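Written out below as structure tokens is the structure these notes cover.
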Amino acid sequence: MSSSILLLTPPFTQLNTPYPATAYIKGYLNTIQVRSVQADLGINVILKMFSKAGLSKVFDTILSLDLGKFSKNSKRIIRLRHEYLATIDPVISFLQFTNPTLAYNICDEEFLPQASRFEQLEDLEWAFGTLGLQDKARHLATLYLEDLSDLIQECLDPNFGFSRYAERLGRSAVHFDPIEEALLQEPSFTDLFLFEALDELFAHKIPDLVCFSVPFPGNLYAALRAGKYIKENHSHVKIAMGGGYPNTELRSLKEPRIFKYLDFITLDDGERPLSCLLEYLQGKRTLSGLKRTFVYEDGEVKYINTSKEVDISFSKTGTPDYTGLHLKKYLSVIEMANPMHRLWSDGRWNKLTMAHGCYWKKCTFCDISLDYIKNYEPINASIICDRIEELISQTGETGFHFVDEAAPPALMRELAIEILKRNLKISWWTNIRFEERFTLDLCRLLKASGCIAVSGGLEVASDRLLTLMQKGVTVAQVARVAHNFTNSGIMVHAYLMYGFPTQTAQETIDSLEMVRQLFMNNVLQSGFWHLFAMTSHAPIGMQPEAYDVVRIGPEKGLFADNDLAHEDPKGTTHEKFSDGLKKALFNFMHGLGYDFPLQEWFGFRVPKTTVHKNFIWRSIQQETSLTIRPSSKLIWLSTIPEMEKYYTHRKGKQKERWKLIFTSKSQVRELDIEKEIGEKIIIMLEKCIPLPEKKEMVLSEFQKFYESLGLDDFGAFLESELWEVLQEEGLVLV
């Protein structure tokens, strides 16, 4: 018999686009002809709560409580409840892009009821600049929803949040006691909406197997609460859990009580473990034939990994399938001024992966011992583009977020060329390492293919610490690479870290000075500071003594094992720098405070920076000495230029002249040239146009063709003004 499978993402991840894990698994199940249904419980619950009917329940429940214990802000919202009930449905439809004309009303200050979130408007006016009508309205609508979220948190459910739910229970949960204590309490206000969403799914068809993908700590409680509800109402249904949370936190699981709420927990790539599990449930294999799966048997937790089948090749896992996720129902919000964070919350993005794992896998703070990072497997650009086209046909969306650990430059090059060959008009962004292989030409190629942004880890902007991290980059190198992206029109976001073991106060301030200069020189457009966290699966966590850091906890428990408490005897007190670093970065991102002394951002004495005031400017002026390889590909990115005849008149004589006319999307450029040379240049450029079924011309072939046309010395050509003009107008060497 075939199993009925329901794939679920528990609340909450993102409002604007579904988390892709269930779509990935559904895509794989399609390849083995196994039917499945999927749903995002997060958006389902949000849309139930934030509707006129849902808000009526919110206010009715609150009005039955003791209102005297609530804050002034909550009381204000309660008094304005009729205004909220009248506006909630139109605002939700506006954020779903189905009611765009409401922007005029929302931007009128008399339309939306306002509480404390709107107090930040004056501070943010300069940060956002002059927003367009639609963007401004979406930001105001976002503040409106956040006001309601604050009300729910204070009055009904302190664990509620738009992108996480009861996160504190799942984070660093060495012991299961707090989680079970919460599960044994009466269902929360949010839980009731979760049950309602589950009932609707089960009313259509009761599945044999429910698979929860739990990516983050903020999804764990909801998954277990849903599992408990399913067990109580449909005891025959089997429940499995996989995803990022168990992959990182539950690798040494010994806690039996979690199996009261589910039956199986799988680790790492889910395709093979799930197919083995399906065969077990269908009686086609024994329990001992499972792969990377925790079960509870004979009174103990057992980890079964005896299946002899290898994992499914990344090239054969299929195209993610978003069927059932109702993409038009997601909410596109504008939460904050950070431009990269806006990409996370605004718009709908099809999620794809260029390569499984990380090709670098050396960073000492990263969980490089885990399968999803250490097992690197790229696929070819043709397969990626096939998946892109399938997803565009399936979803109607042309935005893509490649969720790689670090996208490989060589594969990005091939993908960009394939996108151009197929004439696909898409927008895409991804995560990278700041490698010097990202030349200006490669960045221009990526831009032409639709790349709009990249993010990468600068971490601590200190060469000593970058070496200790084994990042394989220097600050100067990051500056040059980021400059190449920026000059190509691609936004650059930097992940910044403070608190790395042995980092001194001087290094923290010097790192901030580097960041100041990176923004001042328009090398970066976005950034975010993270406090270093030590994990049990990273080299630092596995050998803390090798990095002069001391692990101080937590004690070993039966449940989660990931986040580690530590002391840094040789470093500074890192936490005290947090507010100043974030305040400075916020200003730098908006072109402010460059001329302030760094002391301005801190409420305590900090050392003066030792970084030269022009360090970054000097770095980006340095030419990167990359060897031009004969195998480098030549790609023409613009329209083919045309020859045009014109005449000059001098001393009564008319002379025929020729010019090469380059017409780009935004301008026209003319270059005087000899007719024969111009015509041959056009022939050469036509050879460099990326076309389907056509192999790209490499430099060695280009040289032979150049010489076959009887043109001058090729080396001199590469040093000529004509070559420089061709590069400026659309010829890239990658």
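What part of the accessible area of the range 144-198, given as a whole %, is carbon or sulfur when the probe is 1.4 angstrom?
Working: 1020 of 2140 Å².
Within the range 144-198, the accessible surface is 48 percent carbon and sulfur.
Identify all lysines with a Cα-Cα distance to residue 362 below 23 Å; exclude those on the same chain that are fewer than 8 residues away in sequence.
374, 471
Output the relative contact order of the range 171-328, whole-number percent, from Cα pairs under 8 angstrom with separation of 6+ residues.
Rounded, it is 16 percent for the range 171-328.
Relative contact order (percent) for the chain, with alpha-carbon contacts under 8 angstrom and 6 or more residues of separation?
Numbers: 1285 pairs, mean separation 81.0, N = 734.
Result for the chain is 11 percent.
DSSP loop (so not H, G, I, E, B), at most 14 other Cβ within 10 Å: list which trypsin sites (Lys or Arg not before Pro) in the range 548-615 pass both filters.
Numbers: sites: 551, 556, 570, 576, 582, 583, 605, 608, 613; in loops: 556, 570, 605, 608, 613.
Qualifying residues, ordered by number: 556, 570, 605, 608, 613.
How much of the DSSP beta bridge set in the chain is antiparallel, as a percent to the nearest 5?
Working: 33 of 73 bridges.
DSSP beta bridges in the chain are roughly 45 percent antiparallel.
What's the local net charge at residue 301, with K and R +1, D and E -1, over the other residues with C-beta under 13 Å away? Present the calculation step by step, with values, prior to reporting the outcome.
Details: positive: 251, 254, 257, 260, 302; negative: 255, 263, 297, 298, 300.
Residues close to residue 301 contribute a combined charge of 0.
Taking the Cβ of residue 358 as the centre, find all other residues whose Cβ is under 14 Å away and add up their charges (Lys, Arg: +1; Asp, Glu: -1).
Working: positive: 361, 362, 374, 433, 471; negative: 367, 371, 377, 404, 405, 435.
Residues close to residue 358 contribute a combined charge of -1.
Report the Cys residues of the chain lacking a disulfide-compatible partner, meaning no second Cys Cβ under 4.7 Å from their Cβ.
107, 155, 211, 276, 358, 385, 443, 451, 688
Please list, in order along the range 375-386, the HN-Hα scalar couplings obtained from phi with the Karplus expression 6.51 cos²θ - 1.76 cosθ + 1.60 (θ = phi - 60°), rounded to whole Hz, x for Gly and Pro.
With the stated coefficients, the range 375-386 comes to 8, 8, 8, x, 10, 7, 5, 5, 5, 4, 5, 4 Hz.
Quick check: with the 1.4 Å probe, what order do 87, 323 take by accessible area, largest first? If you can, show how the numbers build up before the last one.
Numbers: 87 5, 323 80 Å².
Result, largest first: 323, 87.
State whether the range 313-463 is rounded, prolate or oblate according to the following rule on the C-alpha gyration tensor (a ≥ b ≥ c being the square roots of its eigenvalues): a/c under 1.5 gives rounded; otherwise a/b larger than b/c gives prolate, and the remaining case gives oblate. Don't skip to the end; give the middle numbers.
On the way: a/c = 1.35, a/b = 1.23, b/c = 1.10.
The shape class here is rounded.
Give, in nm to one decimal, the length gained when the segment between residue 640 and residue 728 is fully stretched (0.36 nm per residue of separation minus the Cα-Cα distance). Working shown, then result.
Working: separation 88, 0.36 × 88 = 31.68 nm, distance 1.36 nm.
Using 0.36 nm per residue and subtracting the Cα-Cα distance, I get 30.3 nm.
For the pair residue 232 and residue 664, how long in nm is the line joining their label points, each one 7 Å along Cα→Cβ?
Distance between label points: 6.4 nm.
For the pair residue 623/residue 608, report the inter-label distance in nm, with labels modelled 7 Å from Cα in the Cβ direction.
Here the answer is 3.7 nm between the modelled labels.
For the range 649-734, run through the trypsin sites (Lys or Arg not before Pro) and keep only the ones in DSSP coil with at most 12 other Cβ atoms within 10 Å of their Cβ. Spell out each step's value before the answer.
Numbers: sites: 650, 651, 653, 655, 657, 659, 665, 669, 675, 680, 687, 694, 695, 704; in loops: 651, 665, 687, 694, 695.
Those that pass, being in a loop and sparsely packed, are 651, 665, 694, 695.
Take residue 75 and residue 52, extend 7 Å from each Cα along the Cα→Cβ direction, and tell me the distance between the two endpoints in nm.
3.0 nm
Less than 13 Å apart at the alpha-carbon level, and either on another chain or at least 8 residues along: which aspartates and glutamates does that give for residue 645?
656, 670, 672, 674, 676, 679
Mind checking the range 144-229 for trypsin sites (Lys or Arg not before Pro) that DSSP puts in a loop (not H, G, I, E or B) and that have at most 14 other Cβ atoms within 10 Å? Before the final figure, lay out each step's value.
Values: sites: 164, 168, 171, 205, 225, 228; in loops: 164, 171, 205.
Counting only loop positions with at most 14 other Cβ atoms within 10 Å, the trypsin sites (Lys or Arg not before Pro) in the range 144-229 are 205.
So which aspartates and glutamates pass the test for residue 613, namely a Cα distance under 15 Å, with those fewer than 8 places away in the same chain ruled out?
Result set, ordered by chain and number: 510, 513, 595.
Per the helix-only calculation at 222 nm, which mean residue ellipticity applies to the chain, given -39500 (n - 2.57) for every DSSP H run of n ≥ 4 and division by its residues, nearest 500 deg cm²/dmol? Walk me through the intermediate numbers first.
On the way: 29 runs with 296 residues, N = 734.
Helix-only estimate at 222 nm: -12000 deg cm²/dmol.
Say R0 is 22 Å: what FRET efficiency, to the nearest 0.05, do residue 284 and residue 403 get from their beta-carbon distance? If you can, show how the numbers build up before the last one.
On the way: r = 33 Å, r/R0 = 1.50.
Computed FRET efficiency for residue 284 and residue 403: 0.10.
Report the accessible area of residue 568, computed with a 1.4 Å probe over the heavy atoms of all protein chains in place, in Å² rounded to the nearest 10.
20 Å²
What FRET efficiency comes out for residue 306 versus residue 30 if R0 is 35 angstrom and r is the Cβ-Cβ distance? Round to the nearest 0.05. Spell out each step's value before the answer.
Numbers: r = 27 Å, r/R0 = 0.78.
That pair, residue 306 with residue 30, gives E of 0.80.
Quick check on the range 99-219: take the gyration tensor over C-alpha atoms, sort the square-rooted eigenvalues as a ≥ b ≥ c, and tell me if it's rounded (a/c under 1.5), prolate or oblate.
Numbers: a/c = 2.49, a/b = 1.81, b/c = 1.38.
Prolate shape, in that a/c is at least 1.5 and a/b is the bigger ratio.
First measure r as the distance between the Cβ atoms of residue 476 and residue 705, then evaluate 1/(1 + (r/R0)^6) with R0 = 41 Å and state the FRET efficiency to the nearest 0.05. Provide the component values of the computation, followed by the final result.
Values: r = 38 Å, r/R0 = 0.92.
For residue 476 and residue 705, the calculated efficiency is 0.65.
Which is the longest part of the chain that has none of the GluC sites (Glu not before Pro) sitting in a DSSP loop with at most 14 other Cβ atoms within 10 Å?
Numbers: sites that count: 109, 110, 309, 555, 623, 674, 693, 719.
After excluding every exposed loop site, the longest remaining stretch is 310-554.
Around residue 603, with a cut-off of 12 angstrom between Cβ atoms, what is the net charge of the other residues, counting Lys and Arg +1 and Asp and Glu -1?
Numbers: positive: 576, 583, 605; negative: 579, 600.
For residues surrounding residue 603, the net value is +1.
Is the shape of the range 654-728 best called rounded, prolate or oblate, per the rule: a/c under 1.5 gives rounded, else a/b larger than b/c gives prolate, else oblate, with a ≥ b ≥ c the square roots of the Cα gyration tensor eigenvalues?
On the way: a/c = 1.80, a/b = 1.25, b/c = 1.44.
Verdict is oblate for the range 654-728.
The values are calculated or read from the model by the stated rules, or taken from the named source; none is laboratory data. Here the structure is a predicted model, which is why all the values come from computation and not from measurement. Heads up, the Cβs are rebuilt from the backbone with ideal geometry, glycines too, and the neighbour counts pull from every protein chain shown. SASA here: full protein model, heavy atoms, side chains in, ligands and nucleic acids out. Shrake-Rupley method; radii C 1.70, N 1.55, O 1.52, S 1.80 Å.
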